[in-house]
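Asks: Attaching a single structure in structure tokens format; questions to follow.
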Amino acid sequence: MTERRLLYEGKAKKVFLGDREDELFVEFKDDATAFNGQKRGQIAEKGVVNARISARLFTSLAAAGVANHFLEQVDDRTLKVRRLTMIPLEVVVRNRVAGSLQQRTGLAEGTILERPVVELYYKNDALGDPLLNDDHVQALRLAPPEVVERLKALGRRVNEVISAYFDARDLILVDFKLEFGWAQGELLLGDEISPDTCRLWDKASLTKMDKDRFRRDLGGVAEAYQEVLARVLR
Ligand code: TMP
Ligand code: ASP
């Protein structure tokens, strides 16, 4: 591997300058954090698993017409991607109640949502990534209303594509988080799609197969990630 210049190191990924100005290398780490970094640990081979799963899902999404930053996988934990100017919003799409929606509503975990729920969170570690409504997004000038509408529609479209993808592999996509950015005037899906950023349950047993195993000390974390990878690749 040629020497790469580190641009930014996050909780789960390192971002390096690309061979071209409009490209980056994203290296997926085995480090895991939860609850805004308060809980820390490692998940064996998570970086390899998440790079591979993300590459596969971004490829399927591109084929389905969802433009995204993925260019190619360059080694077992590194993806070459287009460089984006990120929008500091997390777009969460939910098909069933879990996590913070369960806490916010009191609805039972696993309750099926008739229409998927789309939420926006402010990507801001100091504030703990708070939930925002559309007026908050405007007050903070994070994205104009028409872009917010496009982000929500893209979230719903990604949900259609990857829910079907996971369903064909006996996994229920409970919810997930997306991030978007701009490249040469184009709005592209960025970041990653992996068991770190999705809740995935086994269709038959409803066993949790994602980062909730780490968040909630359920055990079998690395094994669950490997099983999701095996199913995603089939
Ligand atoms: P939540 O129920 O905790 O709000 O999470 C919703 C979805 O977003 C879930 O699939 C996990 C994902 N997520 C992230 O990818 N990063 C985060 O920092 C958080 C809080 C959630
Ligand atoms: N990734 C987030 C953190 O470290 C939260 C999470 O995924 O639960 O804080």
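The values are calculated or read from the model by the stated rules, or taken from the named source; none is laboratory data. These numbers come from a predicted model, not from an experiment. All Cβ positions, even for glycine, are placed from backbone atoms using ideal geometry, and neighbour counts span all protein chains on display. Please note that ligands, DNA and RNA were not included when accessible areas were found on the heavy atoms of the full protein model with its side chains. Shrake-Rupley method; radii C 1.70, N 1.55, O 1.52, S 1.80 Å.
Asks: Cβ-Cβ distance below 7 Å, separation of 6 or more or different chains: which pairs start in the stretch 100-126 with a residue that is at positive phi and end on one that is in a strand (DSSP E or B) and more than 16 Å from ligand 2 (Cβ to nearest atom)?
Replies: Between residues of the stretch 100-126 that are at positive phi and residues that are in a strand (DSSP E or B) and more than 16 Å from ligand 2 (Cβ to nearest atom), the close pairs are 110/96.
Asks: Where the second residue is surrounded by fewer than 16 Cβ atoms within 10 Å (Cβ to Cβ) and small (Gly, Ala, Ser) and the first is under 20 Å from residue 211 (Cα atoms) and lies in the stretch 15-42, which pairs have Cβ atoms under 7 Å and are six or more apart or on separate chains?
Replies: Within 7 Å, the pairs are 30/44; 32/41; 36/128.
Asks: Taking the options 85, 78, name whichever one is in contact (Cβ under 8 Å) with a residue 40 or more places away in the chain, more than 16 Å from ligand 2 (Cβ to nearest atom), open to solvent by 60 Å² or more (accessible area, probe 1.4 Å) and more than 23 Å from residue 164 (Cα to Cα).
Replies: When all the criteria are applied, what remains is 85.
Asks: While we're looking at this one, here's another question. Tell me, please, whether a residue that is open to solvent by 50 Å² or more (accessible area, probe 1.4 Å) and charged (D, E, K, R) can be found in the stretch 98-110.
Replies: Yes, the stretch 98-110 contains a residue that is open to solvent by 50 Å² or more (accessible area, probe 1.4 Å) and charged (D, E, K, R).
Asks: Moving on. State which residue is nearest to residue 231 (Cα to Cα) when the search covers only the stretch 111-166 and only residues that are part of a loop (DSSP other than H, G, I, E, B) and open to solvent by 70 Å² or more (accessible area, probe 1.4 Å).
Replies: Per the stated criteria, the residue is 123.
Asks: Could you check how many residues of the stretch 161-174 are in contact (Cβ under 8 Å) with a residue 24 or more places away in the chain and within 22 Å of residue 67 (Cβ to Cβ)?
Replies: The total comes to 6.
Asks: Residues being under 15 Å from the mean Cα position of the chain (by Cα) and within 9 Å of ligand 2 (Cβ to nearest atom): count how many of those fall in the stretch 11-35.
Replies: Here the count works out to 5.
Asks: For residue 177, are the conditions met, namely being within 16 Å of ligand 2 (Cβ to nearest atom), of a type outside the set (Phe, Trp, Tyr) and touching a residue at least 60 places away in the same chain (Cβ under 8 Å)?
Replies: yes
Asks: Yes or no: the stretch 190-205 includes at least one residue that is in a helix (DSSP H, G or I), of a type in the set (Ser, Thr, Tyr) and away from ligand 1 (no atom under 15 Å from the Cβ).
Replies: No, because not a single residue in the stretch 190-205 is in a helix (DSSP H, G or I), of a type in the set (Ser, Thr, Tyr) and away from ligand 1 (no atom under 15 Å from the Cβ).
Asks: From the list 47, 37, which residue is within 14 Å of ligand 1 (Cβ to nearest atom) and farther than 20 Å from residue 157 by Cα? Spell out how you get there, then give the answer.
Replies: Details: 47 fails: within 14 Å of ligand 1 (Cβ to nearest atom).
Among 47, 37, only 37 is within 14 Å of ligand 1 (Cβ to nearest atom) and farther than 20 Å from residue 157 by Cα.
Asks: Can you find a residue that is touching an Asp or Glu at 6+ places or on another chain (Cβ under 7 Å), within 16 Å of ligand 1 (Cβ to nearest atom) and in contact (Cβ under 8 Å) with a residue 24 or more places away in the chain anywhere in the stretch 53-61?
Replies: Yes, the stretch 53-61 contains at least one residue that is touching an Asp or Glu at 6+ places or on another chain (Cβ under 7 Å), within 16 Å of ligand 1 (Cβ to nearest atom) and in contact (Cβ under 8 Å) with a residue 24 or more places away in the chain.
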